[in-house]
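S.K.: Okay, here's the structure, questions in a sec.
The values are calculated or read from the model by the stated rules, or taken from the named source; none is laboratory data. As the structure is a computational prediction, the values presented were derived from the model and not from experiment. We place every Cβ from the backbone using ideal geometry, glycine too, and count neighbours over all the protein chains shown. Calculation scope for accessible area: heavy atoms of the full protein, side chains included, ligands and nucleic acids excluded. Shrake-Rupley method; radii C 1.70, N 1.55, O 1.52, S 1.80 Å.
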Amino acid sequence: AWYGDPNISYSYSGIAAKPKNWTPLLQNIKILVEQRTGEIFNGVLVNRYRNGQDSVSWHSDDESSLGPDPIIASLSFGQSRYFQLKHKRKEGEKYQLELEHGSLLLMKSGVQKNWLHQAPKTRREVAERINLTFRRIM
Ligand SMILES: O=C(O)CCC(=O)C(=O)O
């Protein structure tokens, strides 16, 4: 689901999505994320991973509506899942993080331009996870 300020429009996975209105809870979380990161956001994409088969494969969040150098804050709840990064040009340069309940990952300047990321499937028996990615539509 995509939530945000009423005037923004964002296209992802080939879908042009008008945002749902901020809920009071999401608005409060957004303010806390802005205070913690020092960045300003106007939308949040909410993804639910029901089990280990729900995943997001390699991509960059580099749609033109996010501007030339998107800054993205990713907040995770529930089941820990792996988050992997690989450099677009430097063969073999890759990282894996475990995003735990309550973790906040900030993808800063240059990350979307130079790196791909994914939240891969797992064969482990895992519970549900919710991930919020705060974005700024330009
Ligand atoms: O769920 C995650 O940690 C990653 C989500 C993601 O890659 C995205 O929303 O672009």
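S.K.: Residues that are open to solvent by less than 40 Å² (accessible area, probe 1.4 Å): list the strands (runs of 3 or more DSSP E) wholly contained in the range 39-84 that include at least 2 such residues.
M.R.: Fully inside the range 39-84 and qualifying: 43-49, 72-78.
S.K.: Hey, another quick one. Going by the conditions given, is Ile130 β-branched (Val, Ile, Thr) and touching a helix residue (DSSP H, G or I) at 6+ places or on another chain (Cβ under 9 Å)?
M.R.: no
S.K.: Another one. Does the range 77-95 include one or more residues that are under 24 Å from Gly4 (Cα atoms), modelled with pLDDT of 95 or more and in contact with a strand residue (DSSP E or B) (Cβ under 6 Å, 6 or more places away or on another chain)?
M.R.: Yes: one or more hits.
S.K.: Counting only residues that are more than 11 Å from the ligand (Cβ to nearest atom) and closer than 25 Å to Trp22 by Cα, give me the strands (runs of 3 or more DSSP E) lying completely in the range 85-138 with at least 1 of them.
M.R.: 104-107
S.K.: Next question. Of the conditions (1) in contact (Cβ under 8 Å) with a residue 60 or more places away in the chain; (2) surrounded by fewer than 16 Cβ atoms within 10 Å (Cβ to Cβ), Glu98 clears all except one; give me its number.
M.R.: Only one criterion in (1) in contact (Cβ under 8 Å) with a residue 60 or more places away in the chain; (2) surrounded by fewer than 16 Cβ atoms within 10 Å (Cβ to Cβ) is unmet by Glu98, namely (1).
S.K.: For Gly67, only one of the following conditions fails: (1) more than 16 Å from the ligand (Cβ to nearest atom); (2) at positive phi; (3) touching a residue at least 60 places away in the same chain (Cβ under 8 Å). What is its number?
M.R.: (1)
S.K.: Still on this structure: Can you tell me which of (1) within 16 Å of the ligand (Cβ to nearest atom); (2) open to solvent by 60 Å² or more (accessible area, probe 1.4 Å); (3) under 17 Å from the mean Cα position of the chain (by Cα) is the one Gln27 doesn't meet?
M.R.: Every listed condition holds for Gln27 apart from (1).
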